Amino acid sequence: MERSVQDVVKRVTDRVRERSRATREPYLTRMEKARADGPNRAHLTCGNQAHAYAASPDEDKDLLAGGRVPNLGIVTAYNDMLSAHQPYEAYPALIRQAAREMGATAQVAGGVPAMCDGVTQGQTGMDLSLFSRDLIAMASGVALSHNVFDSTVYLGVCDKIVPGLVIAAATFGHLPAVFLPAGPMTSGQTNDEKARVRQDFAKGLIGRDELLKSEMASYHGPGTCTFYGTANTNQMLMEFMGLHLPAASFENPGSGMREALTLAGARRAVEISALGDDYRPVCHILDERAFVNGIVGLNATGGSTNLLIHLLAMARAAGVVLDWEDFEEISAVTPLLARVYPNGLADVNQFHAAGGLGFLIGELLHAGLLHPDTETVAGQGLELYTREPRLQGDKTLHWVAGVGTSLNENIVRGYDQPFQETGGLKRLDGSLGAAVMKISAVAEDRHVIEAPVKVFRTQEAVRAAFQAKELDQDVVVVVRYQGPKANGMPELHNLTPILAVLQDRGHRVALVTDGRMSGASGKVPAAIHVSPEALDGGPIARLQDGDKVRVDARNGRLDILDEAVLDRPVEAPDLSEHHTGTGRELFTLFRQNVGTAEFGATILFGD
């Protein structure tokens, strides 16, 4: 019941509800109008319908034309270069099978792009990564604009793909939406060994052949990467927010359980359509309580900093207005209950085996940190997500009570014995602007760093300075002109090994950037998403080598110690070399119209 929710969580939720009143109510009115129009196929001309059904099997055509049984629209991010999405090749056939068994139909509505940040890290293609989220939402809108679907199934896992698909699902919020994951790859080389090899390469102790061998032992098969980055944080959110079936996130591809979960998800999409017997449109699921639950899950698990941007954009699509202050207040009362790499040694397979999301949701419900009464695709109430699926002989599923206890307290713990008392995310604000920091893996004695800055425009320049031994000192590395307006706000993941080496040498080191660091952010304090960005007149553009900066996660401050710096004139650099090649010239309108990181860095909704 609502009265059982912890006071701070309830207060933040009430504030979000009030802040969103001017956008949420018109949104729900639009969704109700779309629902009241009835199954969209009934409004198409005969010619429209003939085109829509022409390629369907004969047994489906009469059902489609009759408009009396649900038709599922599948939006897929399948490609076989991206390991997490390769398993989706077989999903449409399974979804059609499940739909037909229930007397319904299913069609692939369309495909959306799905890029791999692991492939583009440190490459020019990474400049398109964040923008791909909004493009995915738009491409999904095109797919669903044919108006022949009664329910939707979304196939996506990774960094920008799930947020883009959620934005689309909310935009078509009168339709139910079930998200079907593909699961993580089986465990390969341990994540801490992978990190050690990367640092050895950064030090020049090993060659590229050994580095490549290590990387391929880590990323070795179908499924998501096994560390707790943005992709797996997305999967966590889909359970906390009620868009997956319970315990669906971390079952490996190719298993009998994974196939059964896929079939069950498709069947559930039929059941919750307006032509089924349990109508559950996604506009009712994605309310302010669901997003607050997602923020709690993000903090309790030490999830990816990218979601501080994505959750803002996803919420806006549903008429819900979040801000970084909401994350800050919830972080202060949410304990860290999981240690999964990079804020621990375990991978997501080990996390799942130790009790996983079901155990965590149960603990957080018991503590009053989650809204228990949210709608979900599985039914009413988040308690359903403490259960675990079991296979019956005919490949159908039934759910049983979860373990109720941690099976490895080095990986996941109960609410009364957390790894740390507060969540893994911190908002910083001060004379240098607003920023966020993931502190779950940062040692307590590194939460405050005060040092002179070294200013750079690219990761490559930082690497060159490191190799020239120009960074062997206490230093705040500033990498600017990396914001959404400058070059699409790429992740600066290649800085992690370099900064970790400097820190291991005993230097006090921090990163300040208007770019991103991703869910792989680790033990080096990193003030990221600095807003306003340098190209938007932010104070970060005025820093020069030697200026002193304080990065203070303890008190939530990000300050230039000599405020005379703020009076310096700024001449914006020529960034044109970052705007062409690898498709970047196609995204000029995105760079010109994108909002700030504080509001989701999106072109779809105004700041």
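The values are calculated or read from the model by the stated rules, or taken from the named source; none is laboratory data. Being a predicted model, the structure only gives us computed values, none of them experimental. When we count neighbours, we look across all protein chains shown, and the Cβ atoms used for this are built from the backbone with ideal geometry, even at glycine.
Considering only residues in the range 289-318 that are more than 17 Å from residue 137 (Cα to Cα) and of a type in the set (Val, Ile, Thr), the one that is modelled with the lowest pLDDT turns out to be 305.
Taking the condition of being of a type in the set (Val, Ile, Thr) and closer than 12 Å to residue 290 by Cβ, how many residues in the range 371-398 meet it? So that I can check it myself, show each step before the final result.
Going residue by residue through the range 371-398, those that are of a type in the set (Val, Ile, Thr) are 374, 376-377, 386, 396.
With closer than 12 Å to residue 290 by Cβ added as a condition, the list becomes 374, 376-377.
Selection size over the range 371-398: 3.
Candidates are the residues of the range 446-462 that are surrounded by 15 or more Cβ atoms within 10 Å (Cβ to Cβ) and free of Cβ contacts under 8 Å to residues at least 60 places away in the same chain; the one that is farthest from residue 578 (Cα to Cα) is 462.
Highlighted here are the helices (runs of 4 or more DSSP H) found entirely within the range 160-268 that include at least 2 residues which are crowded, with 21+ Cβ neighbours inside 10 Å and under 24 Å from the mean Cα position of the chain (by Cα): 161-171, 191-203, 230-240. Any chance you could count how many residues in the range 332-346 are buried (at least 24 other Cβ atoms within 10 Å of the Cβ) and assigned to a helix (DSSP H, G or I)? Counting residues in the range 332-346 that are buried (at least 24 other Cβ atoms within 10 Å of the Cβ) and assigned to a helix (DSSP H, G or I) gives 0.
Listed here are the residues, each with its yes/no results for (1) touching a Phe, Trp or Tyr at 6+ places or on another chain (Cβ under 8 Å); (2) within 24 Å of residue 229 (Cβ to Cβ).
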residue: 473; (1), (2): no, no
residue: 477; (1), (2): yes, yes
residue: 485; (1), (2): no, no
residue: 490; (1), (2): no, yes
residue: 495; (1), (2): no, yes
residue: 503; (1), (2): no, yes
residue: 507; (1), (2): no, no
residue: 510; (1), (2): no, yes
residue: 513; (1), (2): no, yes
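Each residue in the range 399-428 was checked for being surrounded by fewer than 16 Cβ atoms within 10 Å (Cβ to Cβ) and under 22 Å from residue 304 (Cβ atoms), and 3 pass.
Of all residues in the range 91-132, those being surrounded by fewer than 19 Cβ atoms within 10 Å (Cβ to Cβ), in a strand (DSSP E or B) and either outside the structural domain of residue 177 (by TED's automatic domain parsing) or among the small types (Gly, Ala, Ser) (or both) number 2. Candidates 465, 441: the one that is of a type outside the set (D, E, K, R), in the same structural domain as residue 480 (by TED's automatic domain parsing) and modelled with pLDDT of 90 or more is 465. Determine whether the range 311-325 contains at least one residue that is surrounded by fewer than 24 Cβ atoms within 10 Å (Cβ to Cβ), farther than 30 Å from residue 269 by Cα and not hydrophobic (A, V, I, L, M, F, W, C). Yes. The strands (runs of 3 or more DSSP E) found entirely in the range 470-573 that carry 2 or more residues being without any contact (Cβ under 8 Å) to a residue 60 or more places away in the chain and either surrounded by 20 or more Cβ atoms within 10 Å (Cβ to Cβ) or under 26 Å from the mean Cα position of the chain (by Cα) (or both) are 475-479, 509-513. Looking across the range 327-366, the residues that are within 20 Å of residue 230 (Cα to Cα) and charged (D, E, K, R) come down to 328, 339, 347.
In the set (1) touching a strand residue (DSSP E or B) at 6+ places or on another chain (Cβ under 6 Å); (2) closer than 29 Å to residue 171 by Cβ, residue 355 fails one condition alone, (2). Does residue 591 qualify as being touching a residue at least 40 places away in the same chain (Cβ under 8 Å), in contact with a His (Cβ under 6 Å, 6 or more places away or on another chain) and either within 27 Å of residue 323 (Cα to Cα) or assigned to a loop (DSSP other than H, G, I, E, B) (or both)? When the stated conditions are applied, residue 591 does not pass them. Tallying residues that are at pLDDT 95 or above and hydrophobic (A, V, I, L, M, F, W, C) within the range 21-39 yields 3. Pairs linking a residue in the range 574-587 that is free of Cβ contacts under 8 Å to residues at least 60 places away in the same chain to a residue that is surrounded by 11 or more Cβ atoms within 10 Å (Cβ to Cβ) and part of a loop (DSSP other than H, G, I, E, B), with Cβ atoms under 8 Å and 6 or more positions apart or on different chains, are 585/579.
If the condition is being free of Cβ contacts under 8 Å to residues at least 12 places away in the same chain and not in a helix (DSSP H, G or I), then the range 413-445 contributes 416, 417.
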